[in-house]
Amino acid sequence: MTADDAQVAVIGGGVVGCAVAHALARRGVSSLVLEAEPGLALAASGTNSGILHTGFDSEPGALETRLILRSAALREQLLEELAAPVWRCGARLTPRDDEQRQAVDRLAENARVNDVEVVLESDGSLADATLLQIQADAVGVDLTVGPPDTTVLGAALLAGVGAGLFASVGDAAEHLPRGRVVAPRAEASERSPQRERWRAFVQAAASL
Ligand SMILES: Cc1cc2nc3c(=O)[nH]c(=O)nc-3n(C[C@H](O)[C@H](O)[C@H](O)COP(=O)(O)OP(=O)(O)OC[C@H]3O[C@@H](n4cnc5c(N)ncnc54)[C@H](O)[C@@H]3O)c2cc1C
């Protein structure tokens, strides 16, 4: 194809220009991407923080939020098609005082309104559901997500065992509310190399 054959000229070869060209190609429309720099994505698109946003913290109903949620829905298939490498590390917000805890609680509510899956943990941390999947895959067992105050509930139930209210710890555990269950998705054959990579990463980080 020559420049004269292109039906559309896309100016700028950042992520937006490339996404436009990609969307056109999918619809059978030929395009020519014109970029001022010697290569693609040399401006904001190639020099940003590299975070794939999930939409947990953006304003419900805002155009930006709608676009983030739409891109999150399209992302997996596109990443696979482009064989783009992604480090699926998840994210975690840990509050250090009451004020921050309230802010994290508000973010959890925001995520719920935006229909983005997050987990409030017993120490008040807000975690991306990706972390749970990584943990379930790493150990190869189902993870059961409890309520935010599981630690307090556990202590209360143990006190109940001590006071003779429950026959055993197992009996008391039956009273712990259970939330979502995250089952491992990775094959057993993937687990061992994954753990090795994780250990190497932890050792490398510890030696910094
Ligand atoms: C510091 C920083 C961190 C960020 N972190 C994140 C993040 O973690 N996650 C996230 O999702 N977003 C992040 N962003 C936002 C994200 O990088 C931008 O929204 C996105 O890259 C914008 O893409 P773009 O294609 O519109 O712009 P650009 O990537 O800037 O592309 C525009 C292109 O147009 C070219 N151009 C301009 N004028 C002409 C012309 N006349 N002719 C030909 N070519 C031209 C430029 O050379 C450039 O290559 C971050 C942004 C910054 C600045």
Note to self: Residues of segment 165-208 with the amide nitrogen closer than 14 Å to a label point 7 Å from the Cα of Arg112, along Cα-to-Cβ, please.
What the structure shows: 180
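Arranged from highest to lowest average of other beta-carbon atoms within 10 Å per residue, in what order do the peptides 125-137, 25-37 appear?
Numbers: 125-137: 18.4, 25-37: 12.4.
The densest-packed peptide leads the list: 125-137, 25-37.
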Check: So, in nm, how far is label Gln102 from label Leu78 when the simple model puts each one 7 Å beyond its Cα toward the Cβ?
Finding: 3.8 nm
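Return the percentage of antiparallel bridges among DSSP beta bridges fully within the chain, rounded to the nearest 5 %.
65 percent
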Next item on the list: Determine by what factor the alpha-carbon radius of gyration of the chain differs from 2.2 N^0.38 Å, reporting the quotient.
Entry: 1.39
Item checked: Spacing of the two label points (7 Å from each Cα toward its C-beta) at Ala173 and Asp5, in nm -> 6.6 nm
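State the extension gain, in nm to one decimal, for the chain segment bounded by Ala163 and Glu59, taking 0.36 nm per residue of separation less the distance between their alpha-carbons.
Values: separation 104, 0.36 × 104 = 37.44 nm, distance 4.78 nm.
Extra length available between Ala163 and Glu59 comes to 32.7 nm.
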Check: Build a GNM of the chain with springs between Cα atoms under 10 Å: which of Ala72, Ala108, Ala21 gets the top mean-square fluctuation?
Finding: Ala21
Next item on the list: Amide H neighbours of Ala41 under 5 Å, at least 5 residues apart or on other chains, H built in the peptide plane: list them.
Entry: Gly13, Gly14
Next item on the list: Springs between alpha-carbon atoms under 10 Å, Gaussian network over the chain: tell me which of Ala138, Ala43, Ala188 tops the mean-square fluctuations.
Entry: Ala43
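Read-outs throughout are calculated quantities, based only on the coordinates presented, and are distinct from any laboratory measurement. These numbers come from a predicted model, not from an experiment. Because the Cβ atoms are built from the backbone with ideal geometry, glycine has one as well, and the counts that use them run over all protein chains shown.
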